[in-house]
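Derivation of every value follows stated rules applied to the coordinates shown; laboratory data play no part. From a predicted model like this one, the values you see are computed outputs, not experimental measurements. Please note: Cβ atoms are built from the backbone with ideal geometry, for glycine as well, and neighbour counts cover all protein chains shown.
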Amino acid sequence: MNTEIAMHPNLALHHEETYEKTVFGFWVYLMTDCLLFGSLFATFIVLSHATFGGPSGKEIFSLPYILAETFVLLTSTYTCGFLGFAARKKEKTKTLLWLFVTFLLGLTFVVMEVREFVLLVLEGNGWSRSGFLSAYFTLVGTHGTHVSFGLIWMLVLFFQILFRDFTHDIRRRMMCLRLFWHFLDVVWIFIFTFVYLFGVI
Amino acid sequence: MEEHFKKATARSYTFGFASCIILTLTAYFLVFYRLLTGYALILTLSGLAVIQAIVQLVFFLYLGKERKPRINLLTFLFMALVLVVIVGGSLWIMYSLNERTMMTHPKSPTERSR
């Protein structure tokens with residue numbers, strides 16, 4: 001590695017270029033993911049009145065609970081930023097701490113959502129009840145799955161930083177994770193508004 | 001180093017976070033206390049959602065703050081265009097289909113078959 005740097009003084013620059021390409025590639029993935037969510041939103045809006053004798057959003061959504069969920073996710077996106085600042089200064093303990101806090105908040109969010117789903121299914125309002133509920137479970141469930149994958153990603157990253165310190169690879173992964181996590185919060189704004197708030201009007 | 005988040009600062013994050021809380025609470029209380037009704041409420045809520053999305057894109061995702069050429073921003077705008085075509089087009093088609101074939105309930109395409 002050292003001889004490599006001696007031979008190529010532009011190695012740092014080279015890493016920066018790779019970062020930019022990775023970020024761009026990951027960004028394109030996020031944009032296609034946005035289209036996936038867009039299609040699910042369109043499906044949901046079309047089916048939102050198709051309750052087929054089942055309950056409508058007004059009867060099954062609890063707004064204060066959803067507001068709490070929203071704030072948990074929003075706070076996790078905020079702490080995710082501080083994770084990046086700590087990583088930039090190469091402060092290992094702080095980075096691990098922020099990563100842990102973000103992970104816990106994300107986990108709280110997923111547990112809250114799973115609890116909501118389980119209660120709905122137990123009350124007989126599962127995804128097979130009506131078109132509205134199918135679309136609801138698909139849309140919110142897809143978002144929840146993304147968040148869950150983000151949690152696995154954080155867990156892996158946590159142990160990688162713990163044992164291997166900040167290599168270029170790890171920092172690149174962390175950058176993509178931040179993009180992913182912030183992006184999921186942007187999607188949640190629309191779920192909060194179009195699914196839950198519109199649902200109870 | 002972290003090229004994409006180079007210009008990110010704690011201050012801009014905190015500003016974005018505070019704005020998001022205010023926007024979310026505004027939308028929430030508008031619905032909770034029924035401060036508006038009908039189209040006014042729907043338009044206001046949609047507007048608040050779009051504003052909050054832009055706040056997060058700028059203050060958390062740093063959209064448009066990269067070096068030129070702004071390829072990420074360009075990809076985003078292209079995605080937004082495709083999104084408008086897919087979502088807007090689907091809704092337009094489904095609702096106009098609904099209106100043209102509807103007998104009694106002017107609400108959903110699936111209830112019609114009952």
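Some observations on this one:
- Along its principal axes, the stretch B:1-62 has C-alpha extents of 50, 16, 9 angstrom, given from the largest down.
- For chain A, the relative contact order works out to 33 percent when only alpha carbon pairs closer than 8 Å and six or more residues apart are counted.
- Centre separation in Å (Cα based) which lies between the stretch A:66-99 and the stretch A:137-182: 12
- Cα-based Rg of the stretch A:39-181 normalised by 2.2 N^0.38 Å, two decimals: 1.26
- Fewest-first ranking of A:His146, A:His14, using other Cβ atoms within 10 Å as the exposure measure: A:His14, A:His146
- 222 nm mean residue ellipticity, helices alone, for the protein assembly as shown (DSSP H n ≥ 4; -39,500 (n - 2.57); rounded to 500): -25500 deg cm²/dmol
- The stretch A:100-201: GluC sites (Glu not before Pro) falling in loop per DSSP and having at most 15 other Cβ within 10 Å: A:Glu123
- Counting Cβ atoms of other protein chains within 10 Å of each Cβ in A:117-123 and taking the mean gives 0.
- Between the residues A:Gly124, A:Leu157, A:Thr18, the greatest Cα displacement towards the positive end of the dipole of the protein assembly as shown, with unit charges on the Cβ of Lys, Arg, Asp and Glu, is found for A:Thr18.
- J(HN,Hα) series, the stretch A:84-95, from Karplus relation 6.51 cos²θ - 1.76 cosθ + 1.60, nearest Hz, glycine and proline x: x, 5, 5, 5, 5, 7, 6, 8, 4, 4, 4, 4
- Relative contact order (percent, whole number), the stretch B:1-62, Cα cutoff 8 Å, 6+ residue spacing: 55
- Take the Cα of A:His168, step 7 Å toward its Cβ, do the same at A:Glu123, and the gap between the two points is 5.4 nm.
- Put a plus charge on the Cβ of each Lys and Arg, a minus charge on the Cβ of each Asp and Glu, and nothing anywhere else: the dipole of chain A about its Cα centre is then about 360 debye.
- Annotation for the stretch B:50-86 versus the stretch A:18-57: alpha-carbon center distance of 16 Å.
- Farthest toward positive dipole pole in chain A [+1 Lys/Arg, -1 Asp/Glu at C-beta], among A:Phe52, A:Met174, A:His143: A:Met174
- Ratio Rg/Rh, restricted to the protein assembly as shown and using Cα atoms, in which Rh is the Kirkwood radius: 1.02
- Förster radius 35 Å - calculated FRET efficiency between A:Lys89 and B:Val58, Cβ distance, rounded to 0.05: 0.90
- Under the shape rule built on the C-alpha gyration tensor, where the axes satisfy a ≥ b ≥ c, the stretch A:39-105 is prolate, since a/c reaches at least 1.5 and a/b is greater than b/c.
- Look at the Cα gyration tensor of the stretch A:97-144: its axes a ≥ b ≥ c give a/c of at least 1.5 with a/b at or below b/c, and that counts as oblate.
- Spin-label model, A:Phe149 to B:Leu36: label points 7 Å out along the Cα-to-beta-carbon direction sit 3.5 nm apart.
- Reduced Cα scattering model of the stretch A:6-119, Debye log10 I(q)/I(0), q = 0.10, 0.11, 0.18, 0.22 Å⁻¹: -0.54, -0.64, -1.17, -1.27
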